[in-house]
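A short reminder: the numbers here are calculations on the coordinates, not readings from a lab. On a predicted model such as this, the values are computed, not experimentally measured, just so you know. Virtual Cβ from ideal backbone geometry, glycine too; neighbours counted across all protein chains shown.
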Amino acid sequence: MLKTISRMIKKTGAAGMYWIRAILLACASPANLRTVALALRDGVRPFGRVHFLITRADGTIKCDCWHPNLVVTTGKNHIADQLSDKGEAAMSHMAVGTGTTAAVATDTALETEIDRNALASKTQGSGTDANKVTYVCTWAAGDGTGAITESGLFNSASAGQMLCRSVFAVKNKEAGEAMTMTWILTISA
């Protein structure tokens, strides 16, 4: 597979940067390799990443990191629904959990959800970033406390359609700490 990707990079020239980005995403987690390989065969590819910012009570930063995610099948269906305006509610909540099973396309919920909050903001980019939507959600001190290992983006305060899921190394959010998650979804060709 690496030989095929290498040949594609050489053929595409400047577009090779897309392939390099895909390889880096795939290498971030073995579970991502199959997902990235399948996505590269499609024409339109939704992909995202989620940023964690955990701050201590004194304002110092405890965690500032990005993780890739998987746009699940229900998420792709949701995108199609939004394009056709069939009436499904827009994304409105983020959830965190303690599940550790790798994300797969058939996921419809977090493995072990511990908390879900309404989005603080949802914005579409402009100009060259018009193909991106940024979702932001916050957890105050005492909210969403635990050893967080998974997160998801949903269109309801409970259950609902899941757009994306991410599984990662533990992020310990203590009771006195606040957390902001920023999820950037990109629709790429």
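Within the range 163-178, find all residues whose amide N lies under 14 Å from a label point positioned 7 Å from the Cα of CYS65 along Cα-to-beta-carbon.
167-173
Can you compute 3J(HN,Hα) from phi for each residue in the range 103-111, using the Karplus curve 6.51 cos²θ - 1.76 cosθ + 1.60 with θ = phi - 60°, rounded to whole Hz and x for Gly and Pro?
Once rounded to whole Hz, the list reads 5, 10, 4, 7, 4, 10, 7, 6, 5.
Would you mind counting up the charge near SER158? Only other residues with Cβ under 10 Å from its Cβ, with Lys and Arg at +1 and Asp and Glu at -1.
Net charge around SER158: 0.
Work out the length of the dipole vector of the range 45-188 about its Cα centre, built from +1 on the beta-carbon of each Lys and Arg and -1 on the beta-carbon of each Asp and Glu, and round it to the nearest 20 debye.
Charge dipole, the range 45-188, about its Cα centre: 300 debye, nearest 20.
Expressed as a whole number of Å, what is the distance separating the alpha-carbon centroids of the range 136-168 and the range 76-90?
21 Å
Lys/Arg Cβ at +1, Asp/Glu Cβ at -1, dipole of the range 45-188 taken about the Cα centre: which of CYS63, GLY48, THR98 is farthest positive-ward?
Most positive-ward Cα: GLY48.
If amide hydrogens are placed 1.01 Å from N in the peptide plane, which non-local residues have theirs closer than 5 Å to the one on CYS164?
HN-HN under 5 Å from CYS164: VAL72, LEU153.
Fewest Cβ neighbours within 10 Å first, please rank LEU163, LEU185 accordingly.
LEU185, LEU163
Nothing charged except the Cβ atoms of Lys and Arg (+1) and of Asp and Glu (-1): what's the magnitude of the dipole of the range 69-137 about its Cα centre? Round to the nearest 20 debye.
My answer is approximately 160 debye.
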